[in-house]
Amino acid sequence: MVLRLHRRVLAASAALLWGVQLWAGNTGKIAGVVIDKQTREPLVACNVMVRGTTLGAATDAKGTYYILQVPPGRYEVTASYIGYHPKTVANVEVKVDLTTRVNFELESTAIEFPELVVVAEEPLVQLDITSTRKTTDREQIQQTPGFERTTDLFMCHHRYRTAGHPLRRWHPASGA
């Protein structure tokens, strides 16, 4: 009987110790704040990543972040935000069931792009035009010999002739 009681106490103790192990944590947490170095204002939606892992978080409206379920060890933690220089903190040690604080102060940077030149081009076919249309620019007029008056332009384009009077339609068969 004593032997049975001893086995039951031993089994209960083992179950209790095993249950405690289940509730004990095996990961840690990284938390902190990301602010602008000059204005001391929090940076909202800043990315904070643990290098070499898929772990990371974005800051909230107060600039705070929490990265949960980080296995114990040493890591590099990087904060990056558009318009700011990214910053990395090395040798961040994460311990089981503890929160490691890593705060960032990011410096703003001007975003510079190379000069962008846009060249406007007229489409070959304009879908909204329902009739024939001919366009002549200044360079074409200057390069065409024989232009003395602006009405000479109409003769080239629409087969109009002038005789000192308002323009009238010219037809090759009429000759007039």
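The values are calculated or read from the model by the stated rules, or taken from the named source; none is laboratory data. Just so it is clear, the model here is predicted, and its values are computed rather than measured. SASA here: full protein model, heavy atoms, side chains in, ligands and nucleic acids out. Shrake-Rupley method; radii C 1.70, N 1.55, O 1.52, S 1.80 Å.
Computed with a 1.4 Å probe on the full set of protein chains, the accessible area for Ser108 sits at about 60 Å². Computed in the context of the full set of protein chains, the accessible area of segment 41-110 at 1.4 Å probe radius has 52% of its extent on carbon or sulfur. The string of couplings for segment 114-123 from the Karplus curve (6.51, -1.76, 1.60, θ = phi - 60°) is x, 4, 10, 10, 10, 10, 7, 10, 7, x Hz, one whole number per residue in order, with x for Gly and Pro. Close amide-amide hydrogen proximity is noted between Cys46 and Thr59, each under 5 Å apart and 5 or more residues distant or on a separate chain (H modeled in the peptide plane; Pro and chain starts excluded).
Using θ = phi - 60° and the Karplus form 6.51 cos²θ - 1.76 cosθ + 1.60, what ³J(HN,Hα) does each residue of segment 124-129 get, whole Hz, x for Gly and Pro? So the Karplus estimates, Gly and Pro as x, are 5, 10, 9, 6, 8, 9 Hz.
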